[in-house]
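Participant: Let me give you the structure first, and then I'll get to my questions.
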There are 2 protein chains.
Amino acid sequence: MEPSVLKPLRYSTLGGQLTDPAIVHLMANALSNPDLLSLAAGFTDNLALPLDLVKEVVAEVAARPGGSETLQYGMNSGRPGLRREVVRLLREFPGEESLQCDENSVLITNGSQQALYMATQVLCDPGDIVLVEKPTYFVYLEVLKGLGVRPVSLPSLPGGRIDFEGLRKLIDRLGDSDELKRLKAVYLVSYHANPSTRCIPEEDKKNLGNLLRTLDFALPVIEDAAYRDLYFGESHPARSIIGLPEFAGLPGIYSGTFTKPFSTGMKVGYTCCPNLDLLGKMLNLKGQQDFGTANFTQAIIETVLADGRYAQYLRKIRPHYARKLHILSDALEEAGLRQLGWTWDVPDGGFLLWVRAPDEFDTRFDAPFYHACIADGVLYVPGDLCFAEGSPYNFVRLSAGVLSNERLVEAAKRFASAARHSETI
Amino acid sequence: MEPSVLKPLRYSTLGGQLTDPAIVHLMANALSNPDLLSLAAGFTDNLALPLDLVKEVVAEVAARPGGSETLQYGMNSGRPGLRREVVRLLREFPGEESLQCDENSVLITNGSQQALYMATQVLCDPGDIVLVEKPTYFVYLEVLKGLGVRPVSLPSLPGGRIDFEGLRKLIDRLGDSDELKRLKAVYLVSYHANPSTRCIPEEDKKNLGNLLRTLDFALPVIEDAAYRDLYFGESHPARSIIGLPEFAGLPGIYSGTFTKPFSTGMKVGYTCCPNLDLLGKMLNLKGQQDFGTANFTQAIIETVLADGRYAQYLRKIRPHYARKLHILSDALEEAGLRQLGWTWDVPDGGFLLWVRAPDEFDTRFDAPFYHACIADGVLYVPGDLCFAEGSPYNFVRLSAGVLSNERLVEAAKRFASAARHSETI
């Protein structure tokens, strides 16, 4: 052993505390163990991915005069044409026709994840507080942890609606303990949420906007709308925080993505932030982190957005995921999971189920049920990962996205069998 | 105006200080003003970009059984196949055949820029010190500024070699003022460097390794080898810091890229870091920032690396850039720039010229010469941006990458004419 190996390596304060995010473990599990049927990974369905369409578009781009610009650096903020398409896309949602923003309010990012990270990095110092839902997107909890930020749950009513009386009290309490200045953002996953599958009703958003207007500082809301495009029937009627008059003048960061609805492997997301000061800070950070998302993948997505093939693909993919979700839900039901006291709703968008086990049931990584599932060859996301604090242990997140219909049925059987077995031990 | 607009928005300590990086300005200038002949942008040549090859590869991928996995999420660390190809590529450089690393030492990033950012974020707190060359890559100086880190110049001899006696004294001085604990990394641009166009001789690297071994803490070296593949004759004989025995056991971060040699628009770079503790910290940060670079662009590059089409393309592109550099240099010479006392070497790699004006000449953004160039329709990078401190004002960085041969000649004429004109005022 070289003597120098033993010398201490000094990391930054936060860098030294970085630990392996659960998302990385779960993705590696899913990718490296093909026998394990994964209801965990938030992957989309390989067989439904638009590979032929992408091939077609690349051939068109290659035939376009000056098409090689797509292999050249683009702008830090993203392709102007793609940013215009993002605005058009947002304005197509009901009630958002007159959304007050243009392409200069849009930033293209490496999936919506980079937008969430940058927004948090720009707003929060270590020790600051971000309000999150109960449950919330577990990867975002790890972003907060990595930046030393404290997640605090938004008070909620049974059923998941925001408890505004509780929120008022929480804000008063933070004020009393001189912690209100540490409160830096509210993070909402608002459409077919990961993991709760809920949509936040417009009334809750309006009430939140009205409450935030009473504060004597500007508290940004980060709205994560990653699954908004993946509705099954009609798009959810609630307007976004950047579209609601109750949020006018409040700093809002709306983040969406083309990963889930189009191609996770292209890693193109976007942020719309009409507050140009806040957007400018994110742009400056982006200029340091990578000075622009890959121009090539942006160009592909811009093309299909502009000529309608994106919308066409979505019309095909929405019933596909609706079917898969119902197949998973039906199979769990047929395997007798409801009789064991487990409950869930089948959502009208996305490809996730948020399943509640009986109260005393323990679904955590180290619990017998988790090991029983691994032994039976099925993987899920333990629900306790998705809570800021006071985590219940009896939830799981199941994804119908990645497995074939046959394998979904098989995975449901294995899952229910492990549940039955864990009941009796 | 909404009253709430006037309420203060509270950023994080560093977020609030973020300013527009020069790279973003320069890129936006180059992209938005086609009449301006840009010798500034570090862009590659659109016409030489491998668009037909990429089209061909995408069609092959689309025909491959299971090819749609390329549109799916990949691993946080990058495609295993691409990481193996990176190791193979590194081992092909002379003297690096037995490089001690495998695909588990490799991390795929969004260009090498993300690797530089993450390495610095993992290592440095605000107020820490990173040693940089004189001159150094100006975008990295902005990364340091954005993270609140102090760049300090490595002492150097006339001609650019490292002044080891000076470095010793600098380290002693830092020790005396109790600042040595703030010293967190050394950043080297080692092959056909941006902007100096120098290669660091192997002897300097060896001496640096030997000096670092005498310290009682492990000081990581970040080696930025972005232009290593773009040599004209033979690859530069100096081994990398991760290949040299003098660095064995020292933490080294080697960062390379497929942007400059293949496609800037695909934004795929890589890091090889045999110190798995340090790499692990970067991986964990990557897991939070975007949990993986776009799988699709990685798959394209993996394919051409594996079947030799990458090497073939490089054999075509190297003489192309050599020609362009010579055209620019010859045109500047013919336009009489050397007679005005300007000097430069034509490097044997990359596509940059690092040009020294007479001592009293001022090339900064606000100087008459800069405005004369804009008025004449030619853009350059002022050299003073590339220094940590004690910046001379009489350098410019010129890039032969982006303009056609005819436009290079025209740009050189404009540049020399502005230089002559600025002489006489």
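Participant: Classify segment A:87-152 as rounded, prolate or oblate from the Cα gyration tensor: take a ≥ b ≥ c as the square roots of its eigenvalues, call it rounded if a/c is under 1.5, otherwise prolate when a/b beats b/c and oblate if not.
Facilitator: It is prolate, given that a/c is not under 1.5 and a/b is the larger ratio.
Participant: Counting only other chains, and only Cβ atoms inside 10 Å, what mean value do you get across the residues of B:124-132?
Facilitator: Neighbouring Cβ atoms belonging to other protein chains average 2 per residue here.
Participant: For B:Arg315, what is the net charge nearby, where nearby means another residue's Cβ is under 12 Å from its Cβ and Lys, Arg count +1, Asp, Glu -1?
Facilitator: Surrounding charge for B:Arg315 is +2.
Participant: What's the magnitude of the charge dipole for the protein assembly as shown around its Cα centre, counting Lys and Arg as +1 and Asp and Glu as -1 at the beta-carbon? Answer in Debye, nearest 20.
Facilitator: 340 debye
Participant: How many Cβ atoms of partner chains, on average, are near each residue of A:180-189 if near means within 10 Å of its Cβ?
Facilitator: 1
Participant: For the pair B:Asn33/A:Ala59, report the inter-label distance in nm, with labels modelled 7 Å from Cα in the Cβ direction.
Facilitator: So the label points at B:Asn33 and A:Ala59 sit 4.2 nm apart.
Participant: Tell me the Kirkwood radius of segment B:221-330: reciprocal of the mean inverse pair distance over distinct alpha-carbon atoms, in Å.
Facilitator: By the Kirkwood definition, the hydrodynamic radius is 15.9 Å.
Participant: Just name one of A:Gly308, A:Tyr254, A:Tyr227: the one whose Cα is farthest towards the positive end of the charge dipole of the protein assembly as shown (beta-carbon charges, Lys/Arg +1, Asp/Glu -1).
Facilitator: A:Gly308
Participant: How long are the semi-axes of the ellipsoid equivalent to the protein assembly as shown, from square roots of 5 times the Cα gyration tensor eigenvalues, in whole Å, largest first?
Facilitator: Details: eigenvalues 425, 167, 161 Å².
Values for the protein assembly as shown, descending: 46, 29, 28 Å.
Participant: Next question, about the same structure. Take the alpha carbon gyration tensor of segment A:109-258, find the square roots of its eigenvalues, order them as a ≥ b ≥ c, and report rounded if a/c is under 1.5; if not, report prolate when a/b exceeds b/c, else oblate. Present the calculation step by step, with values, prior to reporting the outcome.
Facilitator: On the way: a/c = 1.56, a/b = 1.21, b/c = 1.29.
It comes out oblate by the Cα gyration axes.
Participant: If you take every DSSP beta bridge whose two residues both sit in the protein assembly as shown, what share of them, in percent to the nearest 5, is antiparallel?
Facilitator: Counting only bridges with both partners in the protein assembly as shown, antiparallel ones make up about 50 percent.
Participant: Another question, if that's okay. Considering chain B as a Gaussian network with a 10 Å cut-off on Cα pairs, which listed residue, B:Pro34, B:Pro347, B:Pro392, attains the greatest mean-square fluctuation?
Facilitator: Fluctuation is largest for B:Pro34.
Participant: A:Gly336 label points, 7 Å along Cα→Cβ, one per copy: pairwise distances from this copy to the rest in nm, shortest first?
Facilitator: 9.7
Participant: Sticking with this structure for a sec: If Lys and Arg each add +1 and Asp and Glu each add -1, what is the summed charge of the other residues whose beta carbon sits under 13 Å from the beta carbon of B:Lys206?
Facilitator: For residues surrounding B:Lys206, the net value is 0.
Participant: Let me ask you something else. Taking every DSSP beta bridge with both residues inside chain B, roughly what % is antiparallel (nearest 5)?
Facilitator: 50 percent
Participant: Oh, and also: Ordered shortest first, which distances in nm separate the 7 Å Cα→C-beta label point of B:Leu157 from those of the other copies?
Facilitator: 7.8
Participant: If the viscosity is 1.306 mPa s and the temperature 10 °C, what Stokes-Einstein diffusion coefficient in µm²/s follows for segment A:39-121 when Rh is the Kirkwood radius over Cα pairs?
Facilitator: Details: Rh = 15.8 Å.
D = 100 µm²/s.
Participant: Summing +1 for each Lys or Arg and -1 for each Asp or Glu, what net charge is found among the other residues whose Cβ lies under 14 Å from the Cβ of B:Ile129?
Facilitator: Summing Lys and Arg as +1 and Asp and Glu as -1 gives +2.
Participant: Let me understand chain B better: what is its radius of gyration from the alpha carbons, and its Dmax, in angstrom?
Facilitator: Every Cα atom of chain B included, Rg and Dmax give 22.0, 68 Å.
Participant: Now a separate question. Give me the dipole magnitude in Debye, nearest 20, for segment A:361-423 about the Cα centre, with unit charges on the beta carbon: positive for Lys and Arg, negative for Asp and Glu.
Facilitator: 200 debye
Participant: Oh, and also: In whole Å, what three semi-axes, largest first, describe the equivalent ellipsoid of segment B:331-425 built from its Cα gyration tensor (square root of 5 times each eigenvalue)? Numbers along the way, then the final one.
Facilitator: On the way: eigenvalues 69, 54, 33 Å².
Three semi-axes, in Å: 19, 16, 13.
Participant: Which one of A:Leu403, B:Leu51, B:Val139 has its Cα pushed farthest toward the positive end of the charge dipole of the protein assembly as shown, where Lys and Arg give +1 and Asp and Glu give -1 at the Cβ?
Facilitator: B:Leu51
Participant: Per residue, what volume in Å³ does the Cα convex hull of segment A:312-357 take up?
Facilitator: Expressed per residue, the convex hull around the Cα atoms of segment A:312-357 is 50 Å³.
Participant: Could I ask something else about it? If packing is taken as the mean number of other Cβ atoms within 10 Å per residue, what is the order of B:118-126, B:77-85, highest first?
Facilitator: Working: B:118-126: 23.8, B:77-85: 21.3.
Final packing ranking: B:118-126, B:77-85.
Participant: Kindly give Rg over Rh for segment B:286-344, based on alpha-carbon atoms, with the Kirkwood expression for the hydrodynamic radius.
Facilitator: Details: Rg = 20.1 Å, Rh = 15.2 Å.
Answer for segment B:286-344: 1.32.
Participant: For the pairs B:Lys324/B:Lys413; A:Lys145/A:Lys184; A:Lys184/A:Lys281; B:Lys181/B:Lys206; B:Lys134/B:Lys169; A:Lys7/B:Lys184, flag any whose C-alpha to C-alpha distance is greater than 19 Å.
Facilitator: Beyond 19 Å: B:Lys181/B:Lys206.
Participant: I've got another one for you. Dividing the Cα radius of gyration by the Kirkwood radius, what Rg/Rh value follows for segment A:191-282?
Facilitator: Expressed as Rg/Rh, it is 0.99.
Participant: So how much accessible area does B:Asp172 have, in Å² to the nearest 10, using a 1.4 Å probe?
Facilitator: Probe radius 1.4 Å; accessible area of B:Asp172 about 90 Å².
Participant: What residue in chain B has the Cβ closest to the axis turning B into A, and how close is it in whole Å?
Facilitator: It is B:Val58, 2, counting Cβ atoms only.
Participant: In debye, nearest 20: dipole of chain A around its Cα centre with unit charges on the Cβ of K, R (+) and D, E (-)?
Facilitator: Dipole magnitude for chain A comes out near 500 debye.
Participant: Right, something else. What relative contact order, as a whole-number percentage, does chain A give when Cα pairs under 8 Å and 6 or more residues apart are counted?
Facilitator: Computed over chain A, the figure is 22 percent.
Participant: Rounded to the nearest 500 deg cm²/dmol, what is the calculated helix-only ellipticity per residue at 222 nm for chain B, with -39500 (n - 2.57) per DSSP H run of length n ≥ 4?
Facilitator: Helix-only estimate at 222 nm: -12500 deg cm²/dmol.
Participant: Which order, highest average first, do A:150-160, A:202-212, A:136-146 follow once you tally other Cβ atoms within 10 Å for each residue and take the mean per peptide?
Facilitator: For the peptides A:150-160, A:202-212, A:136-146, the packing ranking is A:136-146, A:202-212, A:150-160.
Participant: Further question on the same structure: What is the distance in Å between the Cα centres of segment B:109-177 and segment A:378-424?
Facilitator: Here the two parts' Cα centres lie 48 Å apart.
Participant: A further question on this structure: Taking the mean number of other Cβ atoms within 10 Å as a proxy for protection, how do you rank A:186-194, A:405-413 from highest to lowest?
Facilitator: Going from most to least packed, we get A:186-194, A:405-413.
Participant: Across peptide A:273-285, what mean number of C-beta atoms from other chains lies inside 10 Å of a residue's C-beta?
Facilitator: The per-residue average across the peptide is 3.
Participant: Positive end of the dipole of the protein assembly as shown, charges at C-beta (+1 Lys, Arg; -1 Asp, Glu), about the Cα centre: which of A:Trp344, B:Val61, B:Pro80 has its Cα farthest in that direction?
Facilitator: B:Val61
The values are calculated or read from the model by the stated rules, or taken from the named source; none is laboratory data. Fair warning: this is a prediction, and the values are worked out from it, not measured in the lab. Cβ sites come from the backbone with ideal geometry, for glycine too, and all protein chains shown count toward neighbours. To get the accessible areas, we keep the full protein, side chains included, count just its heavy atoms, and leave off ligands, DNA and RNA. Shrake-Rupley method; radii C 1.70, N 1.55, O 1.52, S 1.80 Å.
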